[in-house]
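Here the structure comes first, spelled out in structure tokens, and everything after it is commentary.
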Amino acid sequence: MAAVVLIVLGLAFAYLAGRSSGDDESASSGGWGSGVTLVFTGDETAKPTVAKGSATGEYDVTFDRPVTIAQSQLAAVGTDADQLLMKLGWDATSQTLTITATAWASAISRTDAATDGAQASIVLVRTPTPKLTNTCISVSAPAPYTKLTGITTVSGKAQLFEAGPMTILARAPGKGTTSTRVKTASSALEPYSKDVNLPLLDAPEEGYISAFEPSAKDGSPICEVDVPVYMSPGG
């Protein structure tokens, strides 16, 4: 049988559809997915099967018929894969596509693989689903389980007492934290956006972008949202 040619079409997060709110597919599916989408050329679609590899965070994808993946296709999406905490590799001899999670590997609870027409998807699902809305604050950017470098824009919506300010932290537990504050235009539900400097780190670290409103009573955090991310060194 002639080999089926696969082209790496792109990478998708938020469970394949960019959805992340509490009432969407990503939440009902019980996790946050980071995945690879493949498109087939030729007459046959190859069904993928995913198995854990020999190293932590490594997953080996094999197919039910011979396939071909050009190294140039993997190189073309290398930056996107890095942003979504993945490395992709193809071994033509063993017919294995290797997906390696570069961070937050311990949060991966399952893998999903499916075919739909001429496309196949392989998704690494991390649990629990990050809660990006908490009463008076929501965070729409950055997306969970993505790589951040240098100055990062944090945005979303908030309804703050007397328009705030609210506090935004970029924190790598035990390694470093930066803090900034932002007000909204009014006490109604309003959009916010703030550039945040990441902490200076000696090496890349798993961490969080955290947003909360200090309580008017005692200053304790309320409406806190914690977005898991991966921070590059250098701030």
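The values are calculated or read from the model by the stated rules, or taken from the named source; none is laboratory data. No experiment lies behind these values; they were computed from the predicted model shown. Every residue, glycine among them, receives a Cβ derived from its backbone with ideal geometry; neighbour counts consider all protein chains shown. Please note that ligands, DNA and RNA were not included when accessible areas were found on the heavy atoms of the full protein model with its side chains. Shrake-Rupley method; radii C 1.70, N 1.55, O 1.52, S 1.80 Å.
From the alpha carbon centroid of the range 179-235 to that of the range 129-173 is 5 Å.
The phi-based Karplus calculation (6.51 cos²θ - 1.76 cosθ + 1.60; θ = phi - 60°) puts the 3J(HN,Hα) values of the range 88-97 at 10, x, 10, 10, 5, 5, 8, 6, 10, 9 Hz, whole numbers, x for Gly and Pro.
When its C-alpha radius of gyration is set against 2.2 N^0.38 Å (N residues), the range 84-235 gives a value of 1.24. For Lys87, a cut-off of 29 angstrom between C-alpha atoms picks up these lysines, skipping any fewer than 8 places away in its own chain: Lys47, Lys52, Lys131, Lys147, Lys175. Restricting the chymotrypsin sites (Phe, Trp or Tyr not before Pro) of the range 136-233 to loop positions (DSSP other than H, G, I, E, B) with no more than 11 neighbouring Cβ atoms within 10 Å leaves nothing.
Got a number for carbon plus sulfur as a percent of the chain's accessible area, 1.4 Å probe? In the chain, the share of accessible area belonging to carbon and sulfur is 50 percent. Beta bridges assigned by DSSP with both partners in the chain are antiparallel in approximately 95 percent of cases.
Computed with a 1.4 Å probe over protein heavy atoms only, the accessible surface of the chain comes to 47 Å² per residue. Taking amide H atoms as placed 1.01 Å from N in the peptide plane, the amide H of Tyr145 lies under 5 Å from those of Val229, each 5 or more residues away in sequence or on another chain.
3J(HN,Hα) along the range 145-157, derived from phi through the Karplus expression 6.51 cos²θ - 1.76 cosθ + 1.60 where θ = phi - 60°, amounts to 6, 10, 8, 10, 9, x, 8, 10, 8, 9, 9, x, 9 Hz, with x in place of Gly and Pro. Under 5 Å between amide hydrogens, built in the peptide plane, is the criterion, and for Gly156 it picks out Ser140, Tyr192 among residues at least 5 positions away or on other chains.
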